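Scroll down for the structure; my scribbles are underneath it.
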Amino acid sequence: MNLSPLIISLKTAGLSTLFSFFLGILIAWGVVSMPRRWQGLVDGILTLPLVLPPTVTGFILLLIFGKNGPIGKFLLSIGIKVVFTVTGAVIAAFVVAFPLMYRTVKAAFEQIDPDLIYAGRTLGMSEMSIFRRVMIPAALPGIGAGLVLSFARALGEFGATLMLAGNLPGRTQTVSLMIYTATAAGDYELASKWVVVIVAISLSSIGLMNWWIDRSRRHGR
Amino acid sequence: MSFDISIKRKTGTFSLDVSLYSDKPGVIGLLGASGCGKSMTLKCVAGILKPDSGRIVVNGRTFFDSEKKINLKPQERGVGYLFQNYALFPNMTVRDNIFAGMPKDKQSDEVFLRQIELFELEGLEDRYPTQLSGGQQQRAALARIFIRDPEILMLDEPFSALDTALRWSLQKKISEVLSDYKNSVLFVSHSRDEIYMLCERAGVMSEGQIVSFGPIEKLFEEPATRAALELTGVRNISNIRWTGQNRFHAEDWDVDLICPEKTVCDCAGIRAHYFTPCGPDAVNAIPIDVVSVINEPFESNVLFRPKGRNPTQLMCWRVGHKHIENITEWPDHLSIAPENILLAKNRQSVPEK
């Protein structure tokens, strides 16, 4: 069995989850700190990829990152090709996985007793120190949950990836795309093998998430 | 050890409009029902909320001045704020909580140990807040505040989350600590007992305004407004109509009473335990019909109406069980001494500005 779909899947899901992790936490912090009247608008824009059909997201990404698109043109000029490359697969997975990380972390931040943050301020802690030492520890279970959700979503990403990165065996064909291709070709045996792989990875990430939440509850008290 | 606060802030239900001034140390109380704006006042002083306009000056330092466009960050104000639920950081030990936000070079063991000793936290330094009792949590929160030697101390309903026995021991602790504290203290509570116990001066707040302010004894002896009557625990309050130089008709009780002299007041209050049983000819004798009795462990609240009258509100007589022989037999008449009638105004006269 050719393992390239698994490697491509883990690479795209891993990288996009990594970006979602840092950006999701930082942007969630930015959004909960901004005035209420702006929150709704920004929140709507950031959540959009979660509710749009993946093909629509992929289509919009194609317009932006295509060789005539505003960003695609620029990237091409510095030698980065997005369409039909693994870079495209990472971007597609990131765009659909990011809202899950962002929303979960934002909800966790909103759950924090505001008095804790006020107390930090009156005690002279800088906003950065409040973020690091009060908000992040309190939001740890949420951060873990967001991480697993966005990884699972990135791993299962299909529509937007197909639109932006295509389905090129050995280059952009992820496990999800592989399962589709094998099924379409009538090779149920191959498809089943990959289904087992995906289910195993998904189950272990849920296990990992539960372990994390449990652990941070115990330590965070 | 002085402060001068004069702030306005609009909210959904009322407009906060507070002026408070003090030039000596001591505890100043704000007594008010929940949602009257007392916590909001403290949060404005701490810099957690921003007033719409006004000035906040503490110990000569301007925290906020809407005209001069000054608005110090909470971090720069150096105030001590004890939150209702103490706001200890759950992921930090007592030691880390106490040192949180302090520059490393100021984190001296000597000062730390003094706080640990003062607040009786020996042996608890490495515990997490959830491993502490409610009382220990509050003492840890106080140690965290006092180690910084705050410019002004603000206590926001500090006892409301504690059970009765613990509350008493912490009230003693706080009053002990406050007696050594050289700066001003603002203490906010909805409990008149706590205010009376801890404050030298206090104000009564209602709908965002301070409706009465003065030395604590005076506030309780002569509440000037209906809100002050209610908050200092007067159970009988009625609108009045003057019928003579020293007599009035209490409209809500449908009864005529004599008081020392006529004033501009338009309501009257009678503390429930100021009634005394009497004969029919005594001054202000009211023939009574007992309607119901609410018993407490050591006292009874006797709800009654003047005999044959039609009041809109029942009157309440509060009597200790040791003063009566049988808590089922009630007297025919109760009287109230004219000097014990508290006269007040329904609305505060508009403060001159």
For chain B the mean separation of alpha carbon contacts under 8 Å (6+ apart) over residue count, i.e. relative contact order in percent, is 16
Any idea how far the Cα center of region B:180-214 sits from the one of region B:243-318, in Å? 29
Counting each DSSP H run of 4 or more residues in chain B as -39500 (n - 2.57), what helix-only mean residue ellipticity at 222 nm follows after dividing by all residues, to the nearest 500 deg cm²/dmol? -6000 deg cm²/dmol
Could you identify which residue out of B:Pro287, B:Pro223, B:Pro331 has the top mean-square fluctuation in a GNM of chain B using Cα springs shorter than 10 Å? B:Pro331
Extending each Cα 7 Å along its Cβ direction at A:Glu110 and B:Trp168, get the distance between those two points in nm, one decimal. 4.5
Taking neighbour counts of Cβ atoms within 10 Å as a proxy for exposure, in what order, fewest first, do B:His333, B:His273, B:His323 appear? B:His323, B:His273, B:His333
With an 8 Å cut-off on Cα pairs and a minimum separation of 6 or more residues, tell me the relative contact order of region B:1-152 in percent. 22
So how do A:103-111, B:81-89 stack up, highest first, on mean other-Cβ count within 10 Å? B:81-89, A:103-111
Considering only the other residues whose Cβ falls under 15 Å of the Cβ of A:Val82, what net charge follows from Lys and Arg at +1 and Asp and Glu at -1? +4
Can you sort B:Phe298, A:Phe59 from fewest to most other Cβ atoms within 10 Å of each residue's own Cβ? B:Phe298, A:Phe59
Mean-square fluctuation check for chain B, GNM, Cα pairs under 10 Å: which of B:Leu229, B:Leu343, B:Leu20 is largest? B:Leu20
Scanning chain B for helices, which whole DSSP H stretches are 27 Å or more long along the axis (Cα) and average -1.0 or more by Kyte-Doolittle? none
Shielding of B:78-87 by other chains, given as the mean Cβ count within 10 Å, works out to 4
Aspartates and glutamates with Cα under 14 Å of B:Lys68, excluding same-chain neighbours fewer than 8 positions away: B:Asp52
If the reach is capped at under 19 angstrom between alpha carbons, list the lysines near B:Lys262, excluding any in the same chain fewer than eight residues apart. B:Lys345
Strictly over 27 Å apart at the Cα level, which of B:Lys38/B:Lys173; A:Lys106/B:Lys73; B:Lys73/B:Lys182; A:Lys81/A:Lys106; B:Lys73/B:Lys104 would you flag in this model? A:Lys81/A:Lys106
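How high is the relative contact order of region A:121-221, in percent, counting Cα pairs under 8 Å that sit 6 or more residues apart?
With pairs under 8 Å counted, the relative contact order is 35 percent.
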Please average, across the residues of B:69-76, the number of beta carbons from any other chain that are within 10 Å of each residue's own beta carbon, and give a whole number. 3
Count the net charge of all other residues whose Cβ sits under 10 Å from the Cβ of B:Ser66, scoring Lys and Arg as +1 and Asp and Glu as -1. +2
One would report the antiparallel percent of DSSP beta bridges in region B:3-230, rounded to the nearest 5, as 55
Please give the net charge around A:Ser16, taking every other residue with its beta carbon less than 13 angstrom from that of A:Ser16, where Lys and Arg add +1 and Asp and Glu add -1. +1
With -39,500 (n - 2.57) per DSSP H segment of 4 or more residues and division by the full residue count of chain A, the 222 nm estimate, nearest 500 deg cm²/dmol, is -26500 deg cm²/dmol
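Every number here is computed from the coordinates shown, using simple stated rules; none is lab data. Note that the coordinates shown come from a computational prediction; the quantities given were computed from them, not determined experimentally. With ideal geometry, Cβ positions are generated from the backbone for all residues, glycine too; neighbour counts draw on all protein chains shown.
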